[in-house]
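Structure first, then comments.
Every read-out reported here was derived from the displayed coordinates using simple, explicitly stated rules and does not represent laboratory data. All of these numbers come straight from a predicted model, not from anything done at the bench. All Cβ positions, even for glycine, are placed from backbone atoms using ideal geometry, and neighbour counts span all protein chains on display.
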Amino acid sequence: MVAKIESGKSIRGILHYNEDKVELGEATLILASGFAGDIEKMNLVQKLKRFEHLTMLNAAIKTNALHISLNFASSDKLDSQKLQQIAADYMERIGFGDQPFLVYRHYDANHPHIHIATTNIQRNGERIDIHGIGYKLSEPARKELEKKYGLLKAEGREMQQGKGVRPAIYGAKPTKQAISNIVTGVMRQYRYATFAEYKTILEHFNIKADRGAEHTQMFDKRGLIYSIMDDNGKSIGIPVKASQIYCKPTMDELDKHYKRNIEKRKPFKASLKNEMDKLFFKYGNFSKELLTKELAKSNISITFRTSDQGLLYGVTFIDHQNKTVFNGSDLGKAYSAKALSERFEKAELNSQKLETTKPVSQPRQDNPSKNYLKVPEPTNFLGIALAKSQSESGIAIPKRRKKRKKGEKIEQNQQLTL
């Protein structure tokens, strides 16, 4: 079992996130502790008022909401009744047994998991201290529950979490609802350190975060709108202002996440570098397509940023397993856009050399061995004679001297003696 606790300032946003899942058929409410009446007949406003009644008792406390997720291995066969018992037991062990809380079972991932919404303001108006609650109370509770309920231990294994964040498809859901679900999931689950990194993650899920052009009124006032992207990366449909989304993903709110996330993502830097080093050792040089394909096997996405001239100037890695994002230069010089670009070029040159040096296939010419036992064909002597006479007709052959008669020879000799 893996437990994750997130504190916030808006119980409304937490309820909206889970209730939207219920409306879409991706979750069900399985437990309502500390609620009077029939919870199945309560609407969102009634549920919200139960929590706000407590938060109003101490308005000075701004961080007054908790969103807890308990994730189990796929091999853990858990029905809703067993999940109810685990949730109630867990909340008791971390000191929230007397607090009102709602437990939602989600079905948007390949492993059982539940989400718990509650507040840390008690009925007397005092605040429950949640500083260090993760390692002080939650970790011991997790280990005890694993033994009690026979759950697969979290140590030594990897769990795929956060797969509930799925790319937006325009028209499949109401635009505002689709944007809100994805932005809320990314904002709370992923660890990013700049707006550019945050924006890159959203684009992976077909959501565009737009600040407007520089020197415009919207940019100068730190405005931010979100919209769904089509297959070409262009905005489609009506954009939604950040202030209209329940988790309030404004520029001011995002700024608060950056510094915290820098520290939170540090433990996962080495694992990402290790995945890249494996590819360096295996291939040496590789193409963009091969790198993208190989990283996808480890649930890692990669985004390339190129100039108008087609030059690669930036690369961003998104580790969906550990919910972290790093620029290549953050990992080290060997993982920067420049270093990777050199590997791409070398791989292309090697590919071209192989094409040019590849032997050209010649048509096969059979050279049958001589058959010395073959019977010679009969010779056409008449044909040879005719061919020979024709070929010699153009050749000047000296004439043979005529043989003189005996009388002519005696006459010539007499003339010479005179």
Greater than 29 Å apart at Cα, pairs in Lys21/Lys208; Lys47/Lys323; Lys241/Lys338; Lys278/Lys353; Lys173/Lys264: Lys47/Lys323; Lys241/Lys338; Lys173/Lys264
Percentage relative contact order, region 267-356, counting C-alpha pairs under 8 Å, at least six apart: 26 percent
Calculated from backbone phi, Karplus (6.51, -1.76, 1.60) coupling profile of region 5-22 in Hz, x at Gly/Pro: 10, 10, 9, x, 10, 9, 5, 4, x, 5, 5, 4, 4, 6, 5, 5, 5, 4
For region 313-329, 3J(HN,Hα) per residue [Karplus equation, 6.51 cos²θ - 1.76 cosθ + 1.60, θ = phi - 60°, Hz, x = Gly/Pro]: 10, x, 9, 10, 9, 10, 8, 6, 5, 9, 6, 10, 9, 9, 6, x, 5
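Tell me, Asp129, Asp210 in order of fewest to most beta-carbon neighbours within 10 Å? The partial results should precede the final answer.
Values: Asp129 10, Asp210 15.
Ordered from fewest to most neighbouring Cβ atoms within 10 Å, Asp129, Asp210 come out as Asp129, Asp210.
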Reduced Cα scattering model of region 237-283, Debye log10 I(q)/I(0), q = 0.18, 0.21, 0.28 Å⁻¹: -0.70, -0.76, -0.97
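Taking 8 Å as the Cα distance limit and 6 or more residues as the minimum spacing, I'd like the relative contact order of region 175-265 as a percentage. Don't jump to the answer; show the numbers that get you there.
Values: 112 pairs, mean separation 28.4, N = 91.
Reported as a whole number, the value is 31 percent.
At most 13 other Cβ atoms within 10 Å and a DSSP loop assignment: could you name the trypsin sites (Lys or Arg not before Pro) in region 49-121 that fit? Please list the in-between numbers first.
Values: sites: Lys49, Arg50, Lys62, Lys77, Lys82, Arg93, Arg105; in loops: Lys62, Lys77.
Answer by residue number: Lys62, Lys77.
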Amide H partners (placed H, <5 Å) of Ala27, local residues excluded: Val22, Tyr107
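Just flag the trypsin sites (Lys or Arg not before Pro) in region 272-308 sitting in loop per DSSP whose Cβ has no more than 10 other Cβ atoms within 10 Å. Numbers along the way, then the final one.
Values: sites: Lys273, Lys278, Lys282, Lys288, Lys293, Lys297, Arg305; in loops: Lys297.
Those satisfying the criteria are Lys297.
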Hydrodynamic radius by Kirkwood, which averages 1/r over all alpha carbon pairs of region 267-356, in angstrom: 13.5 Å
Integer Hz, Karplus 6.51/-1.76/1.60 couplings in order for region 336-352, x for Gly and Pro: 6, 4, 5, 5, 5, 4, 5, 5, 4, 5, 5, 5, 5, 5, 5, 5, 5
Amide H contacts of Arg191 (H built 1.01 Å from N, under 5 Å, at least 5 apart or other chain): Thr324, Val325
Peptides 27-38, 109-120, 309-320 ordered by average Cβ neighbours within 10 Å, highest first: 109-120, 309-320, 27-38
In region 89-146, GluC sites (Glu not before Pro) in a DSSP loop with at most 14 other beta-carbon atoms within 10 Å: Glu126
Sorted by Cβ density within 10 Å, fewest first, the residues Glu348, Glu263: Glu263, Glu348
